[in-house]
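The values are calculated or read from the model by the stated rules, or taken from the named source; none is laboratory data. Just so you know, these numbers come straight off a predicted model, no measurement behind them. Positions of Cβ are generated from backbone atoms using ideal geometry, with glycine treated the same way; all protein chains shown enter the neighbour counts. We work out accessible area using only protein heavy atoms, side chains counted, and drop any ligands, DNA or RNA first. Shrake-Rupley method; radii C 1.70, N 1.55, O 1.52, S 1.80 Å.
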Amino acid sequence: MTLLWIPLLSLLGSIISSMTGKLSRNQSTTLSLIMPIIALFMCVNMAPAVFAGEEIRETISWLPLLGINIAFRLDGLALLFVFMILAIGILVIFYARYYLSKNDSMPKLYSYLMLFMTAMLGIVMSNNVIQLWFFWELTSISSFLLISYWWYKSEARKGALMALTITGGGGLALLAGLLILGNIVGSYNLDIILASKEVIQASQWYEVSLILILLGAFTKSAQFPFHFWLPHAMAAPTPVSAYLHSATMVKAGIFLLARFYPVLAGTDLWFFIVSITGLTTLLFGAYVALFKHDLKGLLAYSTISHLGLITLLFGLNTDLATVAAIFHIINHATFKASLFMATGIIDHETGTRDMRKINGMWKFMPYTATLAMVAAASMAGVPLLNGFLSKEMFFAETLHQQLLGSLSWVIPVLATVAAAFSVAYSARFIHDVFFNGDPIDLPKQPHEPPRYMRVPIEILVALCLIVGIFPNFVVDDILVSASHAVLGGYVPEFKVALWHGFNLPLLMSAFAVMGGILIYTQRRYLFLFQASLPTVNAKKSFDNAIYVLIKWSQQKINAIENGSLQRYLMLMFLVVLLAAGWPLFEMNKLVGAKELTPIGLHNALGAALLMIGAISTVIWYRTRMVSLLMISVVGLMVSVAFTRFSAPDLALTQLTVEVVTIVLLMLALFFLPQHSPRESSSMRILRDLGISSALGIVIGSICYAIITRPFESISDFFVANSKTGGGGTNVVNVILVDFRGFDTLGEICVLGIAALGIYKLLGNLPLFMPGSDSEGRPWAKERYPVLLASISQSLLPLALLVSFYIFLRGHNLPGGGFIAGLITAIAFILQYIAHGSNWIAVRLTINYRKIIGSGLAIALFTGIGSWFFDKPFMTTWFDYFDIPFIGEIELASALLFDLGVYITVVGATLMILASLGELTANTPKEEVNI
Amino acid sequence: MIQHLTSLPVLLPMLTGIILLMPPCGKNKAIRRIASVTLGFITFFVSLALLFSVQTDGMQVYAIGNWSAPFGIVLVADPLSTLLVCLSALLGAVCVLYATAGDDEKGSFFHPLVHFLIFGVNGAFLTGDAFNLFVFFEVLLISSYALLMHGGDKKNTRAALQYVIMNLVGSAVFLIALGILYGVLGTLNMADMAQKVALLQGDDVYLAKIGGLLLIVVFALKGALLPLHLWLPNTYATAMPIVAALFAIMTKVGVYSMMRVYTFIFGEEAGQLTHMAQNWLWWLAVATIAMGALGVLASQDLRKLVANLVIVSVGTLVALVTVQTVEASSVAIYYLVHSTLVTAALFILADLIGHQRGKVADRITAGTPVSQPMLLGICFLIAAVAVIGMPPLSGFIAKIWLLKATWETEYGVIFWTLYLLASLAVLFAVAKAGSTLFWQHKATTNKHKISEHKLAEKAQQEGVHPAQLAALLILIAGAPLMSVFAGPLSEYAVGAATDLHNFNNNINIILLGGK
């Protein structure tokens, strides 16, 4: 379990420090430091075992189905990184205590920092590639939070977003690469993957996965051309930069190269991509760093350049180069972290980071200056410092490769050039800041920082010196053990030493130092030259690219989603046309095997009327009233057709529904203009005509195909069981209330909800009330015809009686709750028409909401009733009773259900009517009667 | 009672709807709220009970009216349908809980309508009958029409009208499709249909194909698949956010129905019609993802952005459904739950953020700072990380799993490329939205600390209501929980998908009563 505790402790630290808001700064720092220090001790404790060649592993099952488990391992490479992450992390936390101003939230910084630390620890200790990616993305998130720590600054927000986008994009590529890699090997376990070099490199997917993984590594490690996010990430507080951009975040990409070196390296593709990218980045970073006036900008580009150097070393494909790369990882972390911290002090004490203003700091802070100069000298590769050693090794390795064929000599030359620039910018850092005359209007009077703020730098600089002077003494163990892990068990003979005798690498170093000093002294010309080049502002280009992308997508989206219902409907109809029409082309014969019946005069006449009605509706659609009447012709013809083909129930339903809807629509028409303007161009009409005709042809053909085919269905069962099982001779009604009563229950709900919805919609709808008809004629004075009023009133009881009769006989003869409900509703509608809604409102004080509710409740509870007889929901019951004087009578639970249907239908219909009617009722009479 | 458990997740919401219309809930606001929330959560717990009972006893078939399939209507509770029933019940309960903070009084009948909607959704999930599915579609659609009008203004009503008309056309097509299928197959029970489809011969095959394709068109409209997705962004973005959050389940009904129809009726055993139009659907799904990503980039307010995220999720789901392997269906199930919870949470967050930012509301531009930056910020961060698919939350598991499930397919490379690019677009857009909404204030520099006192005052006035907070936290909790319990959940999803693909077993249990 010990291994798991390392990231866990750091996560715990993150949580603890987030809760220290109420404590003093010292207390907060102390508390925050405890967890990482314990973790560091555990790591040191485990070191001897790892040095001895042991690999510690731990696995907890999490998502076995996906091959994702919580799996940690600690080998030499992981140990090296864990040690760096924890040690530098601790120093940064300590340093940040003095760096942050009183206004900045310390718990926030600490908890983010340690969240980030957790993520980094997770990456380096993962023994499962998916888990590695998990932590990889976690670094992206936490670094986003860290960079945007000063969220109110625009550059912090932009820098954070840029870093997240680039590294997040790389993360996605990495995920794809890792998944492919896992797919090749058949496992996501790192142990297994690292042991499958042959399988991986023989796979057809090797190139793809290599490129994807490298994309992930290069974006994270800010390799050219993905480097541009790093300088903008400098908007973060300096402790964050010291941590993220020296030892951790950017090193994650390098770690990835090292981790997968055993299986991915060794091919030409690896060499070309990795070494060329590394070399380009090395040169580019070193060159640009020289021109940065911002201290942190200089360090940022220097970091880019050094990362390029390490990448190049990995790309060289030799064992010794790999050892050198690992060595430089250590060295870069130490001197770069201390340099960032020193910069932080200077920034802190002077209030600026502009090297054109900060001069002559030696006089104000000699102690800090000494530390910074030692670190900078290490960065430049000056002897006696650790930077020198790895640089020598680097030079030696560039000489020992033959990778570019006859052009291989170019690599050492370019390496020397880059080293020269590195010396030059280091020289600039030292000379400009600490000497070079006097400071120019600084915002603050500089002086030495608080004593303890320097401690982390002192430790790191001491390390630079110790490693530089006694390399074997300090780093041999860890270097051997890390190289052991990267090279897959084999470590070449190597000797890190200060003095190798007079040889070519030493000469290259000498050239580099001399060249660097020359460049620095003659920098005026270079600056002039640089100024004459067109400036490339990465942030601006990035912003521009994003702006263009967003504008473009907005344009496209607006063009597609233009809000036109006509367009959406056209698409819908086209899709329907395609779906329904395409199979017809594949079909051989439309007409089925059934014998065709003669058409007959009545049928033909009915069909013609139906068609005329439909076509007229379309033709007069702009004159709404006429159109409505034509629709009613269609409806009537449909109910006639139902009667003709022996479906009296359907005919009755259709007829009553028709009446109700037409009346309601007429009411609605009152609020609409009588005519709608001509809106479609002739072309559009032609297009729509085409689509609708095509649809008509397709649907018609399908119907024809179906009705001419012999039909076998479950309906025979219904006919056979209607009387015996459902207790009714009217099959339609038995289907409605018994066989498929559940459908009916749903449908009456729909009706009820529709009524509620219409009430809801109209409840707060301010509508324009026309004072006259479309031709300007005032409404009739006599609003309610007396004749109609008196007749309708006397008809009401009769109508109710009829509906009651229809309701009762429904189970055996055409009728039923639905139809009866509609008839009742029509009777009431007639009253509305005859007397107006005000008249009704006074007399019919019913709460429709309750009516609908009780109707639904009756239906539902009738269904539930069967539970008490241990039968499923809606199981019906019926029996025949012999009652004196009346004779045999059937009682059925279905009747009760039908009652629910009846009440709901009446309630819903009247509620809709009342809501529509109320719109007119509430307006003062004068307005209506103008 | 226990033997009727299968019917309860359907009947209980309906009963709740009725109770809320009747006295004393009809008039009294307080009683109505308490009843609505309590009954909502009871429905959820009953659904959970059903889920566990299905887990222990296997698939359950409930013959309504004691008429067994294929003649009567049966409810089929299998792991997939019960999972979704739980999800919709939870969403419904959370939605009414949230609305008790005041949104429910911005129009009439909010509470009963939500429960009626859940009635329709749960019915659609559980029914084993194609026509009954149509009925439940009608129930959920009519409720959704009414809910869209809730607290509406002109703009909102306009978008709602488009939604209504599109769906009316959809209903008509649904009916035509059912008519055709009934005409060819002579049955409406889905299991029976599946069995009959396999036996079709000659030209009947094409008629059944037409019917099936039209059904898919309807579900594609409901699920918002390209090119039938156009109604969604505006409708969801202009609806009251809590309604939009509830609607997170609605597109999933379309996808679910597609799963049923596509995997079961026209699945492996459908003879000539096996996986018809797979190519088409696949490309449309992929195009939907692309379009959604484009929409996400183009979105200028948070609600629109989330609406477009819904489209991305639909494209992803449909792509997975068309792959037609058990693994892909398993991911689809996991992803469906994840995306529903996250998008619902984001809609709610959009509401809260918009409310606290005053005039600029949820527009992604500099404005007044929110009054509770800590609370809303953390919630937004969690939801954002989940929806982007970054670790450690549910989205990342879904992402890895779905990439893994699609790799072996014919179109793996295209899907990966497109999906990952879309992920990047979502990552960028969501991060940018968050950073702008929370951090970019009208007067940027130095203003951040002056108003601390004022901020506290503002928070007091317009802070998150406890009911809203509870609702938000329930939804947000889904993301970490689905990650922590990814092991058992993924096993559940695989079990559900295996059942879905187990043709013979389904036929056997539904039609023959397991004999």
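What angle do you read, to the nearest 10 degrees and between 0 and 90, between the alpha-carbon axis of helix A:319-350 and the longest principal axis of chain A?
The helix A:319-350 is inclined about 80 degrees to chain A.
Normalised by the empirical 2.2 N^0.38 Å for globular proteins, what value does the Cα Rg of chain A take?
1.45
So how do A:837-843, A:95-101 stack up, highest first, on mean other-Cβ count within 10 Å?
A:95-101, A:837-843
Where does helix B:130-148 land angle-wise versus the long Cα axis of chain B, in degrees 0 to 90, nearest 10?
So the helix axis and the longest Cα principal axis differ by about 20 degrees.
Averaged over A:565-576, how many beta carbons belonging to a partner chain fall within 10 Å of each residue's beta carbon?
6
Which whole number gives the average, over all residues in A:709-721, of C-beta atoms from other chains lying within 10 Å of the residue C-beta?
Other-chain Cβ atoms within 10 Å of each residue's Cβ, averaged: 4.
Work out the charge dipole of the range A:151-259 with +1 on the Cβ of Lys and Arg and -1 on the Cβ of Asp and Glu about the Cα centre, then indicate which of A:I166, A:P239, A:G186 is farthest towards its positive end.
Working it through, the farthest residue towards the positive pole turns out to be A:P239.
Assign unit charges at the C-beta atoms only (+1 for Lys and Arg, -1 for Asp and Glu), then state the dipole size of chain A relative to its Cα centre in Debye, rounded to the nearest 20.
With Lys and Arg at +1 and Asp and Glu at -1, about 2540 debye.
Along the Cα→Cβ direction, 7 angstrom out, place labels at A:A694 and A:T643. What is the inter-label distance in nm?
Those two pseudo-labels are separated by 4.0 nm.
Going through the range A:612-669, which chymotrypsin sites (Phe, Trp or Tyr not before Pro) have at most 10 other Cβ atoms within 10 Å and a DSSP loop state?
Sites meeting the loop and neighbour criteria: A:F645.
Between A:Y784 and B:A477, how high is the FRET efficiency from 1/(1 + (r/R0)^6) when r is the Cβ-Cβ distance and R₀ = 51 Å? Nearest 0.05.
With R0 = 51 Å, the Cβ-Cβ based efficiency is 0.25.
Summed for both chains, how many Å² of accessible area, to the nearest 100, are buried between A and B with a 1.4 Å probe?
10700 Å²
Let a ≥ b ≥ c be the square roots of the eigenvalues of the Cα gyration tensor of the range B:273-392; is it rounded (a/c under 1.5), or, if not, prolate (a/b larger than b/c) or oblate?
Because a/c hits 1.5 or more and a/b exceeds b/c, the range B:273-392 counts as prolate.
If you roll a 1.4 Å probe over chain A with all protein chains in place, what percent of the accessible area is carbon or sulfur?
69 percent
Just going by the charge dipole of the range B:289-484, with Lys and Arg at +1 and Asp and Glu at -1 on Cβ, which of B:I289, B:L376, B:A386 is farthest out on the positive end?
B:L376
Which entries in A:K760/B:K155; A:K158/A:K539; A:K108/B:K442; A:K108/A:K251; A:K153/A:K296 show an alpha-carbon gap greater than 19 Å?
As for pairs spanning more than 19 Å Cα to Cα, those are A:K108/B:K442; A:K108/A:K251.
Using a probe radius of 1.4 Å on heavy atoms only, what accessible surface per residue do you get for chain B? Whole Å² is fine.
In whole numbers, chain B has 29 Å² accessible per residue.
I need the calculated FRET efficiency for the pair A:Q793 and A:I889, taking r as the beta carbon distance and R₀ as 35 Å, to the nearest 0.05.
After rounding to 0.05, the efficiency reads 0.55.
In the protein assembly as shown, if the dipole is taken from +1 on Lys/Arg beta carbons and -1 on Asp/Glu beta carbons about the Cα centre, which of B:L214, A:L465, A:Q793 is farthest to the positive end?
Sorting the options by dipole projection puts first A:L465.
Which chymotrypsin sites (Phe, Trp or Tyr not before Pro) in the range A:664-741 sit in a loop by DSSP (not H, G, I, E or B) and have at most 12 other Cβ atoms within 10 Å of their own Cβ?
Loop-located and lightly packed - none at all.
With θ taken as phi - 60° and the coefficients 6.51, -1.76 and 1.60, list the Karplus ³J(HN,Hα) couplings across the range A:108-114 in order, rounded to whole Hz; mark glycine and proline as x.
Using θ = phi - 60°, the values come out as 4, 4, 5, 5, 5, 4, 6 Hz.
In debye to the nearest 20, how big a dipole does chain B give about its Cα centre with +1 on each Lys and Arg Cβ and -1 on each Asp and Glu Cβ?
Dipole size: approximately 1800 debye.
Take the eigenvalues of the Cα gyration tensor for the range B:289-484, scale each by 5, and report the square roots as semi-axes in whole Å, largest first.
Equivalent-ellipsoid dimensions as semi-axes: 34, 17, 12 Å.
To test your reading of the geometry: what angle, between 0 and 90 degrees and rounded to tens, separates the Cα axis of helix A:523-532 from the longest principal axis of chain A?
20 degrees
FRET efficiency for A:E679 and B:L512, Cβ-Cβ distance as r, R0 = 56 Å, nearest 0.05?
0.45
Give the average, rounded to an integer, of partner chain Cβ atoms located within 10 angstrom of each Cβ in B:401-410.
Average neighbour count from other chains, rounded to a whole number: 3.
For the range A:589-714, rounded, prolate or oblate, judged on the Cα gyration tensor with a ≥ b ≥ c (square roots of eigenvalues), a/c < 1.5 rounded, else prolate if a/b > b/c?
oblate
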